[in-house]
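Below is one structure, written out as C-alpha cells; the observations come after it.
The values are calculated or read from the model by the stated rules, or taken from the named source; none is laboratory data. Since the model is a prediction, treat every value here as computed from it, not as a measurement. Cβ coordinates were reconstructed from backbone atoms using ideal geometry, including for glycine residues, and neighbour counts include every protein chain displayed. Just the protein is used for accessible areas: all its heavy atoms, side chains included, with ligands, DNA and RNA removed. Shrake-Rupley method; radii C 1.70, N 1.55, O 1.52, S 1.80 Å.
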Amino acid sequence: MVMKLINLNLWGGRLDSQIDQFLAKEIPDILCLQEVIDRREVGTELFLSLKDVERILRAGNIWFSPVFNFQLGSEKVDFGNAILSKSKFIHSHTFFTHKKYRPNFNWKSKIANIRNLQHVTIKQKEGDKLHILNYHGYHVAEHKNGNDITLKHCQTIAEYISKLQGEVILSGDFNLVPQSQSIKVLNKILTNLPATFHLTTTRTVLTHKKDVCDYIFVSKGIKVKSFRASEEIVSDHKALILEF
C-alpha cells in the first residue's frame with residue numbers, strides 16, 4: 001500500500017487560500033505540521049487554523065501539541081505542532097525537548113524557543129507498526145549551524161528512536177543546515193531524504209533565506225517511491241512530499 005506524507009511549516013497559516021487549495025489537491029494520508037494555530041472558529045480570513053485543515057482533509061485522527069497560547073482578539077488560541085492522519089493512532093505521545101508549555105505568551109517578547117517532539121504510532125494493513133515523529137527544532141538566531149543545545153536535542157531524539165520497534169519516519173523544520181553536527185547525529189540512524197535527493201533549499205521566495213532546514217528522515221524498512229519539495233507557495237517553507 002502506497003501512502004503519502006507531507007511535512008510543512010505552516011507559517012501560522014498566513015497563506016490560507018493557497019494552503020487550502022494545495023491540501024485539497026494533494027490529500028496526504030499523513031500530514032506533519034509546525035507553526036500551526038488552533039482556534040475554535042473556522043473559515044477566518046486572517047489565517048488557516050488546525051480546524052480548517054481538519055475540514056479540508058477529513059483525516060479523522062489529530063494529535064496537536066501546543067507550545068504556548070496567546071490572545072487573539074477575544075479568544076485564546078494555541079500554537080504548536082500537529083499530526084493529522086487517515087489511519088487511527090494506536091499510540092500518541094509528546095515530550096518537550098526545551099522548556100515547557102507557556103500560557104499567555106507575549107509576541108513582543110524574545111523568541112520563546114519552547115520545543116516539543118510529537119510521536120504517534122499507526123498500524124499498517126500488514127500489521128506492522130509505523131512510528132511518525134514530528135519536530136520543530138530549537139532556533140539559533142545568528143545561523144542554522146546549530147550549537148550545544150541543538151546537538152543535545154538531536155541526541156535525545158536519536159536515543160528515543162533507538163528504543164522504538166517498527167519503522168520510523170521523522171519529519172519537521174529542524175532549523176539546522178545539513179552539514180551541522182546536530183543533523184549528522186540523525187544521519188547515523190536514519191536516511192536523510194533531502195540529502196539523498198540533493199535538495200538545495202527548502203525555502204520559498206517569501207524569504208531571503210536559501211538553506212535546507214526542513215527534513216524527512218526514514219528508517220531502512222521504509223520503501224521510498226518518491227520524494228520532492230513542492231514548488232507551490234503555501235508558506236515561507238516548501239512542503240516536503242514523500243510517497244512510500
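Could you please let me know if residue 236 is in contact (Cβ under 8 Å) with a residue 60 or more places away in the chain, under 19 Å from residue 136 (Cα atoms) and surrounded by fewer than 21 Cβ atoms within 10 Å (Cβ to Cβ)?
yes
Is there any pair with a first residue in the range 45-69 that is closer than 20 Å to residue 112 by Cβ and of a type in the set (A, V, I, L, M) and a second that is assigned to a loop (DSSP other than H, G, I, E, B) and open to solvent by less than 30 Å² (accessible area, probe 1.4 Å) whose Cβ atoms are under 6 Å apart and which are 6 or more apart or on different chains, and what are they?
67/114
What strands (runs of 3 or more DSSP E) lie completely within the range 1-115 and have 3 or more residues being open to solvent by less than 30 Å² (accessible area, probe 1.4 Å) and out of contact with any Cys (no Cβ under 8 Å at 6 or more places or on another chain)?
30-38, 61-72, 75-85
Here is a yes/no grid of residues against (1) modelled with pLDDT under 95; (2) closer than 22 Å to residue 62 by Cα; (3) assigned to a strand (DSSP E or B); (4) open to solvent by 30 Å² or more (accessible area, probe 1.4 Å):
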position: 142; (1), (2), (3), (4): yes, no, no, yes
position: 146; (1), (2), (3), (4): no, no, no, no
position: 182; (1), (2), (3), (4): no, no, no, no
position: 186; (1), (2), (3), (4): no, no, no, no
position: 216; (1), (2), (3), (4): no, yes, yes, no
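Say we look at the range 188-214 and pick out the residues that are β-branched (Val, Ile, Thr) and assigned to a loop (DSSP other than H, G, I, E, B); which of these is nearest to residue 146 (Cα to Cα)?
If we take residues in the range 188-214 being β-branched (Val, Ile, Thr) and assigned to a loop (DSSP other than H, G, I, E, B), then 212 is nearest to residue 146 (Cα to Cα).
I need every pair where a residue in the range 144-155 that is without any contact (Cβ under 8 Å) to a residue 24 or more places away in the chain has its Cβ under 8 Å from the Cβ of a residue that is open to solvent by less than 60 Å² (accessible area, probe 1.4 Å) and assigned to a loop (DSSP other than H, G, I, E, B), sequence separation at least 6 or different chains.
Taking only residues 6 or more apart or on different chains, the pairs are 147/140.
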